[in-house]
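Here's the structure, in structure tokens; my notes come after.
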Amino acid sequence: MPVTIDVKDGNVPKALMQLKRTLIKEGLFKELKKRKFYVKPSVARKLKREAAEKQRNKDLKRELRAAQKADF
């Protein structure tokens, strides 16, 4: 899927910032970093498990904060 960024009034730095934001949002930089080196399947599973645990903890903390705000 091609990404197009319009340069308005010759403002190239702003267009470059917008392009970078778009590419970050699309996940391009994460994908490039991930493909830079080969990751063994066992290591990939371990990393995936750890990422899932981090996300669960983050979600739990968010729910606790929301519950505490609701109590007040």
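Values quoted throughout were computed directly from the atomic coordinates according to the rules given, and no laboratory measurement underlies them. Treat the numbers as computed from the prediction; the structure is a model and nothing was measured. With ideal geometry, Cβ positions are generated from the backbone for all residues, glycine too; neighbour counts draw on all protein chains shown.
In this structure, the residue pairs whose Cα-Cα separation is over 22 Å, taken from 30/61; 48/69; 34/61; 34/54; 30/54; 25/58, are 30/61; 48/69; 34/61. Taking every Cα-Cα distance in the chain and sorting them into 5 Å bins from zero, the calculated P(r) comes out as 3, 12, 11, 12, 13, 11, 13, 12, 9, 4, 0 percent. Dipole magnitude for the chain: computed about the Cα centre from +1 point charges on Lys and Arg Cβ and -1 point charges on Asp and Glu Cβ, it is near 480 debye.
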